[in-house]
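Single-structure report; data block below.
Please treat every number below as a calculation from the coordinates, not as lab data. For clarity, every value in this text was computed on a predicted model and none was experimentally measured. Cβ placement follows ideal geometry from the backbone for every residue including glycine, while neighbour counts extend to all protein chains displayed.
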Amino acid sequence: MLQIKNLVVSVEGKKILKGLNLEIRAGEIHAIMGANGSGKSTLAHLLAGKEGYEVESGEITYQGMNLLELDPEIRARAGVFLAFQYPLELPGVSLNYFLRTSLNSVRAHRNLEPLGVREFNDLLKERAKALELDPDLLQRSVNEGFSGGEKKRNEILQMAILEPQLAILDETDSGLDIDALRVVASGVNKLRAKDRSFLVITHYQRLLNYIIPDYVHVMLDGKIVRSGGKELAFELEQKGYGWIAES
Amino acid sequence: MENTAVDINLLSNMRETFEKLENLMAIDLQDQPPEVIDSKKYAWKMFLELKPELTAKLEGWRYTDPAKFLAKISMSSERTKLSLALKAVSLDGFYGITSTNGVDFGFQEFSKSADLKPLIANFSDLFQKEAPVRLRELIAKHFTARNYSQADALFALNAALAKDTLLIYVTPEMGEVKIKIDHLLSTLSDKMVNSRVFLILEDQARATIIEEYNSQNSFNYFLNGAIEVFVGQNAKFNYTRILLGDETATHYARVIINASQDACVKFDQINLGFNTVRNEILFNLNGKNFDGHLNGLTIADGDQHVDNFTEIDNRAPNCFSRELFKGVYAGRAKGAFCGSIIVRREGQKTNAVQSNQTILLSETAEINSKPQLKIWADDVKCTHGATVGKLNEEALFYSRSRGIDLETSRKILLMAFVGEVISQIEDPSIRSYVSELVNITIGKKIASSFS
């Protein structure tokens, strides 16, 4: 699904990723853990196609394509989804309209007929209900006036609507209380499938109690310095990131 | 610079042009009633007196050189007589009037219901035909006996040269009167057109008027418009002006709204066309408890220049006004917003909020924003704010990361930005009509500014 080889990336002349390697196969859940500033979010943004990053060397292959050559919208249509750590507010853009435009862009790419207003509304209502999102929010502007938890659940709602192949969750647990965390995790777990992979980026181990990863990677100073199974997350939680740096 | 040479040449011919214009006016006046002759002759005299004073040195003309308009006066004035066309328009519940080249609206009435109808008339005809005495009084009071002040040269020119004036008179018995006025510029050469509209709403009356300005044939037109509105006590007036003219044409308009006690006015100025535009919109709040808004929306690209000059003059207590002007400028387009809120000593408890927000889509686009508060009363709430920015890159990325292409993402964000103005348009059919026009304009202008 996704291969990252020897990736070196800088922002405004400063190296952030310093030779990162990662392979994710279809159906796998990978977690990347690391301290603040280790480069986790840079990786997430880079995968989604954000501008402002300079790839000095290395490559990213997604489903056989050179991901770095694709515009963000093409990546999204090809199945890459980023759940933002800080979802943007779009005042004046109704969530319903935004999501329908989004889904129909993705469907067009997959040679599917666009969904009409009614069909889409039914789908949206059903998916929102599963995430315990207030139906009133669907009529409001995207994320405007949403609480932190509502914003995060809205990200998962978008993921549930777009049904991506590779979902990247960037610190989706930050700012969530335990109930919201459970709802969000269950939303993610419902989407687990043979042909769908997840890259879960988090600072804390607690999200991984709910979304059980196949692999855990520890990122330090722009590189993956250790990989293991889900037990690595527990070890990190007990010993802290300092333990990795020292060892 | 070929254009400059032409302009200088035209300016040197000014004296000759003025003589021609004066002769034309004299011919028009031959069969007019004395009230009209007097007011027109006076207006012409005032134009000649005030013209030298209309320069870029005037405070209100800092961002738009009046020469852009004055130079166009030397074009021959359009005199073609074309008849009034009444037609059904696509807007639900509206009657349509078409004025071609600003002349000859004729005297026609049309039925709204069986016996109640708005009076729609050619101004000068009113003196010959049997106009209601009350209406003649109102016209004498508000429109013929007028004083001109320093910056009024173009307004006086309009009063002198406008061949016909469209007059709409609304009484409360008529119910809500809905009219769409299409001003069409269509000739076979460069022309100046003076168009003039008077609207009178009696006490308690209700009217929704939409005016659309269009041009055909891509000639160098100069439309000099004047709209004067008298809104009676407790009357309710919704008014939308849409500029769609070709980018070879120039538009200047003076809009004066005189509001009485308890009046409610919702005004929306939508600028989507013309090469050079200046709107001077003046609200005179003459009675207490006014409630309303003065909003504007500009989408400009290429070499367009759009100047919105507004003044809300609170002359009575307890008036409530909201002013929101938004603009999107691309290419080398230039915009100006000068908004004054005046609160006179009588204007205690005034509550006025003004906001001007602009998005510049290119490095070469420009906006000058100048709010002004002139307050003589001590118990008022007045605020103003101005913002200028680019499209939010983070928001664009967010939208694209959801599979929405760059152009559509820009369009969605821009429509959301201007949507705040559109959503405040009172009449639902005008609201959706404007939304559609703005959507099309944004689509075109985005395509041209980023391709």
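In what sequence, highest mean first, do B:20-29, A:108-117, B:240-249, B:275-284 appear when ranked by Cβ atoms within 10 angstrom? Write down the numbers at each step before the final one.
Numbers: B:20-29: 15.3, A:108-117: 11.4, B:240-249: 20.8, B:275-284: 22.3.
In decreasing order of mean packing, B:20-29, A:108-117, B:240-249, B:275-284 become B:275-284, B:240-249, B:20-29, A:108-117.
So how far apart, in nm, are the two label points at A:ASN36 and B:THR248 if each is 7 Å from Cα heading toward Cβ?
6.2 nm
Quote the Stokes-Einstein diffusion coefficient, in whole µm² s⁻¹, for segment A:45-179, based on the Kirkwood radius over alpha carbon pairs, a temperature of 10 °C and a viscosity of 1.306 mPa s. Before the final figure, lay out each step's value.
On the way: Rh = 15.9 Å.
In µm²/s, the coefficient rounds to 100.
In whole Å, what are the extents of segment A:1-61 along the principal axes defined by its C-alpha atoms, from largest to smallest?
36, 24, 19
Given R₀ = 25 Å, what would the calculated FRET efficiency be for A:GLU163 paired with B:LEU391, taking r from the Cβ atoms and rounding to 0.05? All intermediate terms of the calculation are to be shown ahead of the outcome.
Details: r = 29 Å, r/R0 = 1.16.
FRET efficiency, A:GLU163 to B:LEU391: 0.30.
Given a Förster distance of 25 angstrom, what is the FRET efficiency for B:LEU58 paired with B:ARG146, based on the Cβ-Cβ distance and rounded to 0.05?
For B:LEU58 and B:ARG146, the calculated efficiency is 0.80.
With only Lys, Arg, Asp and Glu charged, each at its Cβ (+1 for the first two, -1 for the last two), find how big the charge dipole of segment A:140-225 is about the Cα centre; round to the nearest 20 debye.
Numbers: 11 positive and 12 negative charges, 49 e Å.
That gives segment A:140-225 a dipole magnitude of about 240 debye.
Whose amide H sits under 5 Å from the amide H of B:GLY96, counting only residues 5 or more places off or on another chain, with H placed in the peptide plane?
It is B:LYS87, B:VAL89, B:LYS180, by chain and number.
Treating only the Cβ atoms of Lys and Arg (+1) and Asp and Glu (-1) as charged, compute the dipole magnitude of segment A:79-223 about its Cα centre; round to the nearest 20 debye. Let's see the in-between values first.
Details: 18 positive and 20 negative charges, 81 e Å.
Dipole of segment A:79-223, to the nearest 20 debye: 380 debye.
Output ³J(HN,Hα) for segment B:328-340: one whole-Hz value per residue in order, computed from phi by the Karplus curve 6.51 cos²θ - 1.76 cosθ + 1.60 with θ = phi - 60°, and x for Gly and Pro.
Running phi through 6.51 cos²θ - 1.76 cosθ + 1.60 with θ = phi - 60° gives 10, 10, 10, x, 10, 5, 10, x, 9, 10, 10, x, 9 Hz.
Full-extension gain between A:ARG206 and A:TRP243, please, as 0.36 nm times their residue separation minus the C-alpha to C-alpha distance.
Working: separation 37, 0.36 × 37 = 13.32 nm, distance 1.85 nm.
Extra length available between A:ARG206 and A:TRP243 comes to 11.5 nm.
Could you give the size of the charge dipole of segment B:317-380 about its Cα centre, using +1 on the Cβ of each K and R and -1 on the Cβ of each D and E, expressed in debye and rounded to the nearest 20?
Working: 9 positive and 6 negative charges, 26 e Å.
My answer is approximately 120 debye.
Amide H to amide H, which residues 5 or more places from B:ILE341 or on other chains are under 5 Å from it, using H placed in the peptide plane?
B:ILE312, B:GLN372, B:LEU373, B:LYS374
Ratio to report: Rg/Rh of segment A:122-165, with Cα atoms as the point set and Rh obtained by the Kirkwood method; give two decimals.
In segment A:122-165, Rg relative to Rh is 0.94.
For B:ASP65, project a label point 7 Å along Cα to C-beta. Then give me every residue of segment B:301-324 with its amide nitrogen under 18 Å of that point.
Taking a point 7 Å out along Cα→Cβ of B:ASP65, the residues of segment B:301-324 whose backbone N falls under 18 Å are B:303-307.
Return the inverse of the average 1/r over all pairs of distinct C-alpha atoms in segment A:99-247, which is the Kirkwood hydrodynamic radius, in Å to one decimal. Present the calculation step by step, with values, prior to reporting the outcome.
Numbers: mean 1/r = 0.0587 Å⁻¹.
About 17.0 Å, per the Kirkwood formula over Cα pairs.
Would you kindly derive the ³J(HN,Hα) couplings of segment A:142-158 from the backbone phi angles with the Karplus curve 6.51 cos²θ - 1.76 cosθ + 1.60 (θ = phi - 60°), listing them in order in whole Hz, with x for Gly and Pro?
3, 6, 6, x, 6, 6, x, x, 5, 4, 5, 5, 5, 4, 5, 4, 4
What is the list of residues in segment A:215-247 whose amide nitrogen lies under 14 Å from a point 7 angstrom out from the Cα of A:SER174, following Cα to Cβ?
Within reach of a label on A:SER174: no residues.
Would you kindly calculate the mean projected area, averaged across all directions, of the convex hull enclosing the Cα atoms of segment B:315-451, in square nanometres? It would help to have the intermediate numbers written out before the result.
Details: hull surface 39.0 nm².
Computed as one quarter of the Cα hull surface, the answer is 9.7 nm².
Measuring from the lowest to the highest alpha carbon on each principal axis, how far does segment A:1-122 reach, largest first, in angstroms?
Principal extents (Cα only, largest first): 48, 33, 25 Å.
For the cross-link pairs B:LYS40/B:LYS68; B:LYS370/B:LYS444; B:LYS72/B:LYS163; B:LYS266/B:LYS326; A:LYS15/A:LYS239; A:LYS50/A:LYS129, which exceed 20 Å when the distance is taken from alpha carbon to alpha carbon? Let's see the in-between values first.
Working: B:LYS40/B:LYS68 24 Å; B:LYS370/B:LYS444 29 Å; B:LYS72/B:LYS163 18 Å; B:LYS266/B:LYS326 16 Å; A:LYS15/A:LYS239 28 Å; A:LYS50/A:LYS129 31 Å.
Where the Cα-Cα span goes over 20 Å, the pairs concerned are B:LYS40/B:LYS68; B:LYS370/B:LYS444; A:LYS15/A:LYS239; A:LYS50/A:LYS129.
What translational D, rounded to a whole number of µm²/s, comes out for segment A:48-91 from Stokes-Einstein when the hydrodynamic radius is the Kirkwood one over Cα pairs, at 10 °C and 1.306 mPa s? Provide the component values of the computation, followed by the final result.
On the way: Rh = 12.0 Å.
Taking Rh from Cα pairs, D becomes 133 µm²/s.
Can you give the log10 of the normalised intensity I(q)/I(0) at q = 0.06, 0.10 Å⁻¹, computed with Debye over equal Cα scatterers of the protein assembly as shown?
After summing over all Cα pairs, the log10 values are -0.47, -0.95.
Counting only Cα, what are the radius of gyration and maximum Cα-Cα distance Dmax of segment B:262-352, in Å?
Values for segment B:262-352 (Cα only, Rg and Dmax): 14.7, 45 Å.
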